[in-house]
Amino acid sequence: MSETTLNIYDRLEQLGIELPSAGAPAAAYVMSAQSGKTVYLSGHIAKRSGAVWTGKLGATLGTEEGKAAARAVAIDLLATLHNHVGDLNHVTRIVKLMSLVNSTPEFTEQHLVTNGASELIAEVFGERGQHARSAFGVAQIPLGACVEIEMIAEVK
Amino acid sequence: MSETTLNIYDRLEQLGIELPSAGAPAAAYVMSAQSGKTVYLSGHIAKRSGAVWTGKLGATLGTEEGKAAARAVAIDLLATLHNHVGDLNHVTRIVKLMSLVNSTPEFTEQHLVTNGASELIAEVFGERGQHARSAFGVAQIPLGACVEIEMIAEVK
Amino acid sequence: MSETTLNIYDRLEQLGIELPSAGAPAAAYVMSAQSGKTVYLSGHIAKRSGAVWTGKLGATLGTEEGKAAARAVAIDLLATLHNHVGDLNHVTRIVKLMSLVNSTPEFTEQHLVTNGASELIAEVFGERGQHARSAFGVAQIPLGACVEIEMIAEVK
């Protein structure tokens, strides 16, 4: 099957990924907002077993664990995107990620942490997953989460 | 009067909000730039009585004061948007906010601070104000401001 | 020659700027992604003589050096944009910059550092270079770079 005709849900199943139910919208904002063909997803914080995945890279978490957290955020972003679009096969491009890594002033591997999200997207979307991104270290994240990522996607 | 026909300036008056004059454009950049129907507003720093609203959450400022500062930034953003569009009734959607909270490495309530902006937008724009957002803690903000927020809006 | 007909490459030559070859795309993401007429450039970290330009504003680097680093990043962004578009004269607008300055919790001149990028863009693109922007201080940047900047541009 050629990449362009790959069904995204088949691909998720091949990868053993089950999308969670999308996060509940908060009172004063929403998890996704669309303008034209562009869908903006809110910053999603890392969760593990349904609870906030807390920690600070360079202090309480290592790069590999941070990378696993970034991968988990990417799966949650796809769940929200699925919930927004209705069918992930209608996503024509993952355009951009912004990845915020809860970091000490000394930790400098935010790019390696963020690869956990970028690689997951490449695995799921192939060429349609080729995205621009920024990754950097922030002083803190809501609820003490170790990673927060927002996404821009293009849809049909 | 139904929400879709609500005049935004009437709504601002009901809320007792008077828009300030928009900030002066700096030399090398502008406070707003439009591409197609998308208006990008520059990061606006918090001000109080015309001066920079300084402080760091978790050290010199509490969450409630930070929330008030975020609300003030949202009003300044609307002033810039009014100045850009000419008529806020032509805004079809507040699409996204990015909220930077000047935080110690321990402060974890950036989402509550940012609600000050999100709630103001919901009050003014109703359904048209349903926006995606990211909120996180940064090491510092220009001139020591406690909050900085940028906005993306969709216009007719 | 009027500003609207100015050839961007002539302007770069007048300014004595030689564009480097664009950065190599990393495995899991790309340096630029386009959706419609909008090109999103990945966050570019500061480099000097081909190596990462490391340092933290407020500790190991002063504002003037940070400003020079931001100018260098802007040139690298133009190189990537040239590589993406093929002809910088097809850029109709530099729409937005987001500038991350590696800062101590005390450094508050991120706007002055970022002017190094904004002024370069104004010099090269004139009116087409009038961009919105956000600038703020972050805890760290990949590989310890002193500045990271991402860009949104509109193309024909």
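We did not get these values from a lab; they are worked out from the coordinates using the rules stated. Bear in mind that the values here come from a model prediction, so they are computed numbers and not experimental data. Because the Cβ atoms are built from the backbone with ideal geometry, glycine has one as well, and the counts that use them run over all protein chains shown.
Tabulated values for the structure
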quantity: Test item: C:114-124 mean partner chain Cβ contacts at 10 Å; calculated: 2
quantity: Inter-copy separations for residue B:127, label at 7 Å along Cα-Cβ, nm, ascending; calculated: 3.9, 3.9
quantity: Sequence-separation-based contact order of segment A:45-156, relative, with Cα cut under 8 Å and 6+ spacing, percent; calculated: 43
quantity: Inter-centroid distance (Cα atoms) of segment A:30-71 relative to segment B:76-129, Å; calculated: 22
quantity: Helical contribution to [θ] at 222 nm, DSSP H n ≥ 4, -39,500 (n - 2.57), averaged over chain B, rounded to 500; calculated: -9500 deg cm²/dmol
quantity: Cross-link pairs beyond the 20 Å C-alpha cut-off, checked among A:37/A:96; A:67/C:56; B:37/C:156; A:47/C:96; calculated: A:67/C:56; A:47/C:96
quantity: B from C by rotation - nearest chain C beta carbon to the axis, in Å; calculated: C:139, 3
quantity: DSSP-defined beta bridges in the protein assembly as shown - what % are antiparallel, rounded to 5; calculated: 70
quantity: Sparse-neighbour loop sites [GluC sites (Glu not before Pro); segment A:41-146; at most 14 other C-beta within 10 Å; DSSP]; calculated: A:106
quantity: Helix axis angle, C:110-125 relative to chain C longest principal axis, alpha carbon, degrees; calculated: 20
quantity: Label spacing, shortest first and in nm, from residue B:49 to its equivalents in the remaining copies (7 angstrom along Cα→Cβ); calculated: 5.2, 5.2
quantity: Per-copy distances of the residue C:7 label point, shortest first, in nm (7 angstrom along Cα→Cβ); calculated: 5.4, 5.4
quantity: Hz values of 3J(HN,Hα) by residue in segment B:95-109 - Karplus curve (6.51, -1.76, 1.60), Gly and Pro given as x; calculated: 8, 7, 10, 10, 10, 9, 10, 5, 10, 5, x, 9, 6, 10, 10
